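*Asks:* Got a structure here, written out as structure tokens. Questions coming.
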Amino acid sequence: MELRDWAIRILGGDTMEEKLLDPGTLTDREPGPPLIWKTPSRPTGMEFQRRTREGKLPPFQEHKDPDKRALCLHRFAGHELLAVEIMAYALLAFPEAPPNFRKGLANTLKEEQGHVRLYTEQLNRLGMEFGDAPLFKHFWSHVPFLTSPIKYVSTMSLTLEMANLDFAPMYGASFARNGDDKAAALMEQIFKDEVAHVSFGFAWLKKFKEKHMDTWDAFTASQSELLSPKRAKGFLLHEEPRRKAGIPEHWIDNLKNA
Ligand SMILES: [Fe+2]
Ligand SMILES: [Fe+2]
């Protein structure tokens with residue numbers, strides 16, 4: 001299947017089957033003209049809720065309650081679905097990006113589809129369906145600012161995905177403390193994949209930035225206007241996974257001070 005056709009089916013599909021469509025062998029012979037997708041279609045009941053502020057996630061001290069853990073997993077599944085859609089958006093918006101960037105982005109998208117499936121499995125185990133709780137626009141609000149590939153990697157890979165290097169292990173540890181090894185193992189898997197997604201973003205930031213510019217300056221100049229570097233971390237900064245993803249020391253220092 002062509003990348004463009006796959007991305008259109010993901011954004012235009014109104015079933016989870018379309019959102020999670022396995023494209024088989026992907027080709028990119030006709031990336032076509034840039035296509036700016038306004039809002040993704042969603043299965044009935046899974047549309048963005050018209051609420052500007054999403055409800056708070058259940059606090060860590062409530063994680064003994066399986067229903068509360070399920071609510072956390074539901075929120076994370078929603079983030080993964082948004083990642084799928086934003087990556088499809090980028091494939092359509094940047095047909096002229098380097099073919100290897102598009103290929104890497106497509107591979108990441110497939111992993112995000114896998115994450116939606118894995119979260120759905122855990123939700124089902126805890127007696128919940130994906131779509132039982134409201135879903136919000138969150139990350140999609142940044143889409144109007146993703147006007148070039150460097151803005152995409154600075155916003156998605158190096159801010160939103162990077163922050164998950166802190167959130168995924170925190171939630172994983174909490175689920176483990178509360179005896180939910182399956183949910184903890186899922187967070188571990190997500191965390192490992194996220195290291196690779198951040199690494200992909202940093203590698204391409206280096207290629208996309210102006211030669212004379214420092215990577216940090218290029219990053220902060222290219223983030224969504226709704227974000228700041230602070231959003232690239234959780235309450236606790238995990239340094240090792242960032243190093244593993246190839247993030248330089250001065251980024252780690254800057255993030256500590258952000
Ligand atoms: Fe993911
Ligand atoms: Fe990711």
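Only the coordinates and a few stated rules stand behind these numbers; no lab work does. Bear in mind that the values here come from a model prediction, so they are computed numbers and not experimental data. Neighbour counts run over all protein chains shown; Cβ positions are idealised from the backbone, glycine included.
*Asks:* Within the range 84-145, report the GluC sites (Glu not before Pro) that DSSP leaves as loop and that have at most 14 other Cβ atoms within 10 Å. It would help to have the intermediate numbers written out before the result.
*Replies:* Numbers: sites: Glu85, Glu96, Glu111, Glu112, Glu121, Glu129; in loops: Glu96, Glu129.
Here the sparse-neighbourhood loop sites are Glu96, Glu129.
*Asks:* Only four residue types carry charge here, +1 at the Cβ of Lys and Arg and -1 at the Cβ of Asp and Glu. Report the dipole size of the chain about the Cα centre in Debye, rounded to the nearest 20. Walk me through the numbers on the way to the answer.
*Replies:* Numbers: 35 positive and 36 negative charges, 103 e Å.
So the dipole magnitude of the chain works out to roughly 500 debye.
*Asks:* Tell me which of Gln189, Ile252, Thr120 sits at the most positive position along the dipole axis of the chain, charges placed on C-beta atoms (Lys, Arg +1; Asp, Glu -1).
*Replies:* It is Ile252.
*Asks:* A further question on this structure: Only helical DSSP H runs with n ≥ 4 go in: add -39500 (n - 2.57) per run for the chain, normalise by residue count and round the 222 nm mean residue ellipticity to 500 deg cm²/dmol. It would help to have the intermediate numbers written out before the result.
*Replies:* Values: 10 runs with 140 residues, N = 258.
Mean residue ellipticity at 222 nm (helix-derived): -17500 deg cm²/dmol.
*Asks:* Follow-up question, since we're still on this one. What are the semi-axes of the equivalent ellipsoid of the chain, taken as the square roots of 5 times the eigenvalues of the Cα gyration tensor, listed largest first and rounded to whole Å?
*Replies:* Equivalent ellipsoid semi-axes, largest first: 27, 24, 16 Å.
*Asks:* How much FRET efficiency would the formula 1/(1 + (r/R0)^6) give for Gln49 and Arg29, where r is the Cβ-Cβ distance and R0 is 30 Å, rounded to 0.05?
*Replies:* 0.20
*Asks:* Grab the Cα-Cα distance for Thr147 and Thr15, subtract it from 0.36 nm times how many residues apart they are, and report the gain in nm with one decimal.
*Replies:* Gain in length upon complete extension: 44.8 nm.
*Asks:* Still on this structure, I have one more. Ignoring trypsin sites (Lys or Arg not before Pro) that are buried or in helix or strand per DSSP, and keeping those with at most 13 other beta carbon atoms within 10 Å, what is the longest stretch of the chain between them?
*Replies:* The answer is 65-210.
*Asks:* Check cross-link reach from Lys68 to the lysines: straight Cα distance under 29 Å, and skip same-chain residues fewer than eight apart.
*Replies:* Lys19, Lys56, Lys110, Lys137, Lys182, Lys192, Lys230, Lys233
*Asks:* So if I place +1 on the C-beta of Lys and Arg and -1 on the C-beta of Asp and Glu, and nothing else carries charge, what would the dipole magnitude of the range 1-77 be about its Cα centre? I want it in debye, nearest 20.
*Replies:* Details: 14 positive and 13 negative charges, 113 e Å.
In debye, rounded to 20, the range 1-77 gives about 540.
*Asks:* If you stretched the chain out fully between Leu226 and Asp132, how much longer would it get, using 0.36 nm times the residue separation minus the C-alpha to C-alpha distance?
*Replies:* Computed gain between Leu226 and Asp132 is 31.0 nm.
*Asks:* Between Thr39 and Ile252, what FRET efficiency comes out of the Förster formula 1/(1 + (r/R0)^6) with R0 = 35 Å and r the beta carbon distance, rounded to 0.05? Before the final figure, lay out each step's value.
*Replies:* On the way: r = 36 Å, r/R0 = 1.04.
The pair Ile252/Thr39 has a calculated efficiency of 0.45.
*Asks:* Now, a different point. Can you flag which of Lys151/Lys207; Lys211/Lys256; Lys151/Lys206; Lys151/Lys211 are past 18 Å Cα-Cα?
*Replies:* Working: Lys151/Lys207 13 Å; Lys211/Lys256 26 Å; Lys151/Lys206 12 Å; Lys151/Lys211 16 Å.
Distance filter (> 18 Å) returns Lys211/Lys256.
*Asks:* Turning to a different aspect of this structure: Please give the Cα centre distance for the range 216-250 versus the range 79-124, rounded to the nearest Å.
*Replies:* 20
*Asks:* State, in angstrom, two size descriptors of the range 106-180 derived from its alpha carbons: Rg to one decimal place and Dmax to the nearest whole number.
*Replies:* Considering the range 106-180 through its Cα atoms, Rg and Dmax are 14.9, 44 Å.
*Asks:* Sketch the reach of a paramagnetic label on Asn124 as a point 7 Å from Cα along Cα-to-Cβ, and name the residues of the range 6-27 whose backbone nitrogen lies under 19 Å away.
*Replies:* Inside the label zone: 15-22.
*Asks:* Further question on the same structure: Evaluate the range 147-187: find the radius of gyration of its Cα atoms, find its Kirkwood radius, and give the ratio Rg to Rh.
*Replies:* Values: Rg = 14.0 Å, Rh = 11.3 Å.
Reported Rg/Rh (Cα atoms, Kirkwood Rh): 1.24.
*Asks:* For the range 58-153, what mean projected area does the convex hull of the alpha carbons give, in nm²? Kindly include the intermediate steps, with their values, before the conclusion.
*Replies:* On the way: hull surface 26.8 nm².
The number I arrive at for the range 58-153 is 6.7 nm².
*Asks:* Next question, about the same structure. Assuming R0 = 30 Å, can you tell me the calculated FRET efficiency for the pair Asp5 and Asp181, based on Cβ-Cβ distance, to the nearest 0.05?
*Replies:* 0.15
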